[in-house]
1. What single numbered condition from (1) exposed (fewer than 14 other Cβ atoms within 10 Å of the Cβ); (2) in a loop (DSSP other than H, G, I, E, B); (3) not polar (S, T, N, Q) fails to hold for Phe55?
2. With respect to the numbered conditions (1) surrounded by fewer than 10 Cβ atoms within 10 Å (Cβ to Cβ); (2) modelled with pLDDT under 90, which one is the sole condition not fulfilled by Asp13?
3. Just to verify a result, which residue in region 139-150, among those that are of a type in the set (A, V, I, L, M, F, W, C) and not in a loop (DSSP other than H, G, I, E, B), is farthest from Ile172 (Cα to Cα)?
4. In region 91-138, which strands (runs of 3 or more DSSP E) lie fully inside it and hold 3 or more residues that are surrounded by 16 or more Cβ atoms within 10 Å (Cβ to Cβ), modelled with pLDDT of 90 or more and of a type outside the set (Gly, Ala, Ser)?
5. Being in contact (Cβ under 8 Å) with a residue 60 or more places away in the chain and out of contact with any helix residue (DSSP H, G or I) (no Cβ under 6 Å at 6 or more places or on another chain) is the filter here, so list the residues in region 22-41 that pass it.
6. Just name the residue that is surrounded by the fewest Cβ atoms within 10 Å (Cβ to Cβ) out of those in region 17-43 that are among the charged types (D, E, K, R) and in the same structural domain as Thr98 (by TED's automatic domain parsing).
7. Collect the residues in region 151-173 that are of a type in the set (Phe, Trp, Tyr) and either touching a Lys or Arg at 6+ places or on another chain (Cβ under 7 Å) or not in a helix (DSSP H, G or I) (or both), keeping them in residue-number order.
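The values are calculated or read from the model by the stated rules, or taken from the named source; none is laboratory data. Note that this is a predicted model, so its numbers are computed, not measured. Glycine gets a Cβ as well: all are built from the backbone with ideal geometry, and neighbour counts include every protein chain shown.
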Amino acid sequence: MPYHWSKLPSSADFVAKEIGEAGLCLYLSAHNSLTPSGFVKFISITSVMMLIPIFAFLGHVFLWIIAGTLGLTLLAVWTALTASWRRGKVSEVLEIWTDQVRLKRTNPDGSIQEWDANPYWTEISIIKKDGPVPNYLTLRGNGRTVELGSFLSEDERPIVANELRNAFSAAIGKAQRI
């Protein structure tokens, strides 16, 4: 799954924001199945495979037509994979204290968006079918509604929502005991 907790929510040590670091952090990032070394291997193997039809036309005029077409195809594949990597460089960090929850999203272009609210007043919603995507996960608080985990799969969003509810309950419970 493209998300993980800094520690188990049940073992989190929540404190107020002004006292210390977040008791719990949720890290979310888009999944990239192709590693940099996998990219090099794929392009290399594809290039070698594209050379096979070129050998059949050595000495013919059609060689340049086929070589140009295969070269453009390889360039298109390279460009598509590079663009996919750029779009996949999105991440979100959700930090939870007893008195504050803060979401920091880093977009593919490097820009940062932030949102914060009190966990007691934050509403975690899953919109099953009427949202932009199935199981649309949102957080509402401090006068704003923000989407969480836009890159998560349809099945992962409800799981994250339940885990967030449990984490918020633990943080709120700790705040009430203080």
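1. The single condition Phe55 does not satisfy is (2).
2. Among (1) surrounded by fewer than 10 Cβ atoms within 10 Å (Cβ to Cβ); (2) modelled with pLDDT under 90, the lone unmet condition for Asp13 is (1).
3. Taking the candidates together, the pick is Val146.
4. On the way: elements: 91-96, 101-106, 112-117, 123-127.
In region 91-138, 91-96, 101-106 are the strands (runs of 3 or more DSSP E) which contain 3 or more residues that are surrounded by 16 or more Cβ atoms within 10 Å (Cβ to Cβ), modelled with pLDDT of 90 or more and of a type outside the set (Gly, Ala, Ser).
5. Answer for region 22-41, where residues must be in contact (Cβ under 8 Å) with a residue 60 or more places away in the chain and out of contact with any helix residue (DSSP H, G or I) (no Cβ under 6 Å at 6 or more places or on another chain): Ala22, Gly23, Cys25, Leu26, Tyr27, Leu28, Ser29, Ala30, His31.
6. So the residue we want is Glu18.
7. Passing the criteria: only Phe151.
Each row is one residue, and each column tells you yes or no for (1) part of a loop (DSSP other than H, G, I, E, B); (2) closer than 17 Å to Phe168 by Cβ; (3) over 27 Å from the mean Cα position of the chain (by Cα).
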| position | (1), (2), (3) |
| --- | --- |
| His4 | no, no, no |
| Ala16 | yes, yes, yes |
| Leu26 | no, yes, no |
| Ile43 | no, no, no |
| Ser47 | no, no, yes |
| Ile66 | no, no, yes |
| Thr69 | no, no, yes |
| Val77 | no, no, no |
